[in-house]
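Please read the structure below before turning to the comments.
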Amino acid sequence: MTVKLSDIQDARKILQGIILPTPILSDNRLSDEIGGKIFLKAECLQRSGSFKIRGAYNKISRLSKAEKRRGVITASAGNHAQGVALAAQLQAIKSTIVLPEFAPLTKIIATKHFGADVIMHGSSFDEAVAYSQKLREKDGYVYVHAFEDDLIIAGQGTIGWEIVEDLPETTIVVVPIGGGGVISGIALAVKNLLPNVRVVGVQAANNAPVNRLLKGKKPTDVQFQPTIADGIAVKNPGEKTLEIIKKYVDEIVEVSEEEIARGVFHCVQNTRLVVEGAGAAGVAALLAGKIKVKPDDTVCAVLCGGNIDANLLARILEQVLVRQGRYIILKLLVLDRPGMLAALLNHVGESGANVVEVFHRRAMWLAPLGNTGIEMVLEVRDEEHGREVYKHLETVGYTVMREGVGDWKV
């Protein structure tokens, strides 16, 4: 193992005046729900929208003049791209970024905004990496790896040092895992400064190789599926990071897509923070009860990024509202005559529900002639209120069917 605590200390000096001192915020709602004292390290508020500027700048600022003239290249699922592009811009050098074709539009636009040449290639992070390596050999760029680099790991480790400084009573640190750079740096820092701290890593269940690799499986034995936590959708962690994880990380848990969505929703609704799927993975694990927390524990979960596409965020919020019973979908039949829809909507109004959408369904439902199907999306206060709305409509004479919730997987 080549990364040392002194390397993280050196990175702190280099990053002074470059990065933002992101706050550690108390999450009272989560504390009340699961016990213990829960805090969130809001790296979603960092420059470029994630922690990645820390490692990228620590690496790029140390390049020689000759290396800077060559320019830098990297591959990324999105956040590292922005970190490298911004770090290169601050050093006035050229950057070329290879993004996988599934990368969110918001991350593509932001990377270009920082002056990088963006190339879209490959269906996965690993394919983007392979192509960027070819370009490095062809064009002579300096490669800035997303996680398999001592200087990158040391830069990310400055987060751990800040946690120890700002919240020295911490007993559990929760960190998402993709390639392993950020958890490696954080774990190395906190374990050396606060040896009794428990470090827990979190992976998306759809893309979770680390536990399996630690058990001796080969990367080719691990199956992957798409995940809304695109920032940690990495098939293989680095050799350096896996070595540090083995030594310093106490436990690794996995969260489902539905749990990640709930984590994103929680951050928006209760902490007023916009956090991407990867950034919310730690909160997701806590909400799902995947991490054992005692009443006297002080937990710090790292919100590692906030670069989420607006359309995806809207879909996540709406889906969680449905699952929580805040949105309900009702289907009814009414006579196909003028005024019937207005009468139905009046009854909905009497129940205190708010109409979000209304659809007429004739042919699609094979509704009896002389009738039309009505499908309504209603906003209600909670699950109990939804049942009251349903009962009220039955009481006034409608045959009502509620669209099922929870009978399909995300």
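The values are calculated or read from the model by the stated rules, or taken from the named source; none is laboratory data. Since we're looking at a predicted model, the values are computed, not measured. Positions of Cβ are backbone-derived with ideal geometry, glycine not excepted, and every protein chain shown enters the neighbour counts.
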Check your understanding: Among the residues of the range 282-289, is there at least one that is modelled with pLDDT of 95 or more, in a loop (DSSP other than H, G, I, E, B), surrounded by fewer than 24 Cβ atoms within 10 Å (Cβ to Cβ) and on the phi > 0 side of the Ramachandran plot?
Key -> yes
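Residues are listed down the side, and each one gets a yes or a no for (1) of a type in the set (D, E, K, R); (2) buried (at least 24 other Cβ atoms within 10 Å of the Cβ); (3) in contact with a Gly (Cβ under 8 Å, 6 or more places away or on another chain); (4) without any contact (Cβ under 8 Å) to a residue 24 or more places away in the chain:
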| residue | (1), (2), (3), (4) |
| --- | --- |
| I232 | no, yes, yes, no |
| K235 | yes, no, no, no |
| T241 | no, yes, yes, no |
| V253 | no, no, yes, no |
| S256 | no, no, no, no |
| F265 | no, yes, no, no |
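Just checking, which of K217, K247 is of a type in the set (K, R) and free of Cβ contacts under 8 Å to residues at least 24 places away in the same chain?
Answer to the check: K217.
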**Study point:** Selected residue (only one of A116, A128, A85, A146 is over 17 Å from R62 (Cα atoms) and under 22 Å from the mean Cα position of the chain (by Cα))
**Key:** A128
Review point. Residue check: is L332 modelled with pLDDT under 95, part of a strand (DSSP E or B) and among the aliphatic types (A, V, I, L, M)?
Key: yes
Point to revise | Those strands (runs of 3 or more DSSP E) lying entirely in the range 1-107 with at least 3 residues of a type in the set (A, V, I, L, M) and closer than 24 Å to I228 by Cβ | key: 37-42, 95-99
**Study point:** Residue list for the range 208-219, restricted to those being touching a strand residue (DSSP E or B) at 6+ places or on another chain (Cβ under 8 Å) and either of a type in the set (A, V, I, L, M, F, W, C) or at pLDDT 95 or above (or both)
**Key:** A208, V210, L214
**Study point:** the range 84-115: number of residues that are of a type in the set (S, T, Y) and in contact with a Leu (Cβ under 8 Å, 6 or more places away or on another chain)
**Key:** 2
Review point. When you go through V293, V302, V356 one by one, which is the residue that is outside the structural domain of I109 (by TED's automatic domain parsing), farther than 24 Å from V380 by Cα, in a strand (DSSP E or B) and not charged (D, E, K, R)?
Key: V302
Revision key, fill the gap. Restricting the range 75-101 to residues that are of a type in the set (S, T, Y) and modelled with pLDDT of 95 or more, the one surrounded by the most Cβ atoms within 10 Å (Cβ to Cβ) turns out to be S95
Check your understanding: Going by the conditions given, is D32 buried (at least 17 other Cβ atoms within 10 Å of the Cβ) and assigned by TED's automatic domain parsing to the domain that holds D230?
Key -> no
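Filter the range 53-74 down to residues that are in contact with a Gly (Cβ under 8 Å, 6 or more places away or on another chain) and in contact (Cβ under 8 Å) with a residue 60 or more places away in the chain and give me whichever is surrounded by the fewest Cβ atoms within 10 Å (Cβ to Cβ).
R70
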**Study point:** Where a residue in the range 11-32 is free of Cβ contacts under 8 Å to residues at least 60 places away in the same chain and within 30 Å of N270 (Cβ to Cβ) and its partner, wherever it lies, is β-branched (V, I, T) and outside any helix (DSSP H, G or I), with Cβ under 6 Å and at least six apart
**Key:** S31/I38
